[in-house]
Amino acid sequence: MIATDFLLLVLSSPSGAGKTTLTRMLLEQCPELRFSVSHTTRVPRTTEVDGRDYHFVDRRRFLDLVDAGAFLEWAEVHGNLYGTSIAEIDRARATPGCKGMIFDIDYQGARQIRSKVPDVTAVFILPPSMEELERRLRGRASESEESLRARFAVAQREIEHYAIFDYLVVNTDVRHAFDELRSIAVAERCRRWRRAALAESLLRTGRLS
């Protein structure tokens, strides 16, 4: 496979750790990166737009796409199905000026993508403590006590899988966490650029076929 400087950046975290905010900040500061819009069977929130936040589909349509091999990864989370389509990456690669793609997925999706596309950079966003995570979840005031406890239990299980990621970023302060995340993205982009440049040089000299 010919080396490429295209960055595939996977961001994962337990619910409430601040991943969505950090992803938004990274996209604003790094316009050469594109957000991977996932498919999901969950109901849209009032502020969400189909095609921008998610591709909202019903369960039957989602499973048809699974059968067709349309997803690079997919998983069921909190009773809803989520998946990353191969077409999303193909469109990003074909977009002028686009140098990478950000995936907002859970650890299951990160593991699946890595098994199929080894050259990805995976970052796990951690809360400063489980107590703080629970406080943030309760601060949303948008869920029942039963739903909150279930989400917190899932978060505890998700954190146990941190070892499959390349980087850990502790979101104690969102500004500091963003600076750390942006440094990771820049460093990985530079590493890929150097590798791709070397591969191109070797091809020109006939030392790589």
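No lab work stands behind these numbers, since they all come straight from the coordinates. Fair warning: this is a prediction, and the values are worked out from it, not measured in the lab. Note that we place each Cβ from the backbone using ideal geometry, even for glycine, and neighbour counts take in every protein chain shown.
Distance between the C-alpha centers of segment 109-137 and segment 1-71? Whole Å please.
A separation of 14 Å, based on Cα centres.
If r is the Cβ-Cβ distance from PHE6 to ARG149 and R0 is 30 Å, what FRET efficiency results, to the nearest 0.05?
With a Förster radius of 30 Å, E is 0.15.
Between ASP90 and THR172, what FRET efficiency follows from the Cβ-Cβ distance if R0 is 41 Å, with the result rounded to 0.05?
0.65
Given Cα pairs under 8 Å that are at least 6 residues apart, what percent is the relative contact order of the chain?
So the answer I get is 33 percent.
Tally Lys/Arg at +1 and Asp/Glu at -1 over every other residue whose Cβ is under 14 Å from the Cβ of ARG59; what's the total?
Once all neighbours under 14 Å are counted, the net charge is -1.
So if each residue of separation counts as 0.36 nm, and I subtract the Cα-Cα distance between SER129 and GLU32, what length gain in nm does that give?
Contour length minus the Cα-Cα distance gives 31.6 nm.
Could you tell me the convex hull volume per residue, in Å³, taken over the Cα atoms of the chain?
Numbers: hull volume 27.7 nm³, N = 209.
Dividing the Cα hull volume of the chain by its residues yields 133 Å³.
Quick one: which of 149-156, 178-185 comes out on top by average Cβ neighbours within 10 Å, and what's the full order, highest first? Present the calculation step by step, with values, prior to reporting the outcome.
On the way: 149-156: 14.6, 178-185: 17.9.
Highest-to-lowest ranking by the protection proxy: 178-185, 149-156.
What is the local net charge at GLY16, summed over the other residues whose Cβ is closer than 10 Å to its Cβ (Lys, Arg +1; Asp, Glu -1)?
Details: positive: LYS19, ARG135, ARG136, ARG138, ARG140, ARG151; negative: GLU132, GLU134.
Here the count lands on +4.
Net charge near THR47, counting Lys/Arg +1 and Asp/Glu -1 over other residues with Cβ under 15 Å of its Cβ? Intermediate results must be reported in sequence, preceding the final value.
Details: positive: ARG24, ARG42, ARG45, ARG52, ARG140; negative: GLU48, ASP50, ASP53.
In short, +2.
Which FRET efficiency, nearest 0.05, do VAL117 and ARG140 yield, Cβ-Cβ r, R0 41 Å?
0.80
When a/c is below 1.5 the answer is rounded, else prolate if a/b is larger than b/c, else oblate, so apply that to segment 109-187 with a ≥ b ≥ c taken from the square roots of the Cα gyration tensor eigenvalues.
oblate
May I ask you to order 44-55, 87-98 by the average number of other C-beta atoms within 10 Å around their residues, highest value first?
Result, highest mean Cβ count within 10 Å first: 87-98, 44-55.
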